[in-house]
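Since every read-out is calculated from the coordinates, none of them should be taken as a lab result. Only a predicted model underlies this, so the values are computations on that prediction, with no experimental measurement involved. Cβ placement follows ideal geometry from the backbone for every residue including glycine, while neighbour counts extend to all protein chains displayed.
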């Protein structure tokens, strides 16, 4: 009987035992059924960790160093996640170093907050509209988006109802949104314009460069003017409204035809807005 090679003399049981030893313990069936966490799931989980921490911090907010410690993440990762959360409106920057719940997160935590703001702004819109005869509008910010929450129709025979209650559009393409955008910290302005860059062209050929010019002009003037962007042949004047802490939280505007909006009338409407805001919301919204 011919001799078998050394390899043929090795039993299969020995091979299995040696293979298992080399590979280490094999996962059980339950572990094998669970897929490894992918990068998208990991990023989402980390972002939610930051959201939880920011929401729990209340009005004081947290610094980046605090978020790094709480979430056990590197500083670069925290900054990257915060940039996305701020673009989406879930986180906002307070001062130079602290981060607090943003407008969209605040709205989720207080589902009736928008209704309350609309009710408080409605008398202001009514007074402004009565002073000029044209329709007045109120918007709030949702991240990089403006959301119309109230309007008041005026008495002039021709009313320019440029947007409806519930309309959402890039922050800044309308007068109320432009006034609110210009009242924000410059970092927030840059983030909003960058987030809306791809959509701006659909509004009368608006560009990020043009939006930055309008923001600077609004800050110098104290109120916004914008025409032929959201609606052709229409010009609107807007002004920001602040809360009791002095933070810009809403915008109001009046819109009419270009023929009804010479410079002198723009100034009169801005004065009516300022006086109405001071009379009806002396301590802020």
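Taken over the stretch 257-285, residues that are within 28 Å of the chain's Cα centre (by Cα) and not in a helix (DSSP H, G or I) amount to 5. Helices (runs of 4 or more DSSP H) fully within the stretch 44-147 that include at least 1 residues being touching a residue at least 40 places away in the same chain (Cβ under 8 Å) and either more than 17 Å from residue 195 (Cβ to Cβ) or in contact with a helix residue (DSSP H, G or I) (Cβ under 8 Å, 6 or more places away or on another chain) (or both): 75-87, 103-109, 113-132.
Go through the residues of the stretch 219-241 one by one and say whether even a single one is more than 30 Å from residue 85 (Cβ to Cβ) and part of a helix (DSSP H, G or I). Yes, the stretch 219-241 contains at least one residue that is more than 30 Å from residue 85 (Cβ to Cβ) and part of a helix (DSSP H, G or I). Within the stretch 232-259, the only residue that satisfies the criterion of being surrounded by fewer than 17 Cβ atoms within 10 Å (Cβ to Cβ) and touching a residue at least 60 places away in the same chain (Cβ under 8 Å) is 257.
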